[in-house]
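Okay, structure first, notes after.
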Amino acid sequence: MANKVRTSKAVAKKASKQLRSNTTSKTQKSVAASALRNRAKK
């Protein structure tokens, strides 16, 4: 069953910032990428 919950714009901004950071761990980047994949399609 597909996940119907979508990532909000505010959370997506934070996730994007995490992905660009050099101090973010591999695990945190994985979670951030997952959140961005759950963004609603336009």
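Hey, what do the phi angles of region 31-41 turn into as Karplus ³J(HN,Hα) couplings, whole Hz, using 6.51/-1.76/1.60 and θ = phi - 60°, x for Gly and Pro?
In residue order, the calculated couplings are 5, 5, 5, 4, 5, 5, 5, 8, 5, 5, 6 Hz.
State the volume of the convex hull built on the alpha-carbon positions of the chain, expressed per residue in Å³ and rounded to an integer.
Taking the convex hull of the Cα positions in the chain, it is 65 Å³ per residue.
Quick note: the coordinates plus some simple rules give every number you see, no bench work behind them. For clarity, every value in this text was computed on a predicted model and none was experimentally measured.
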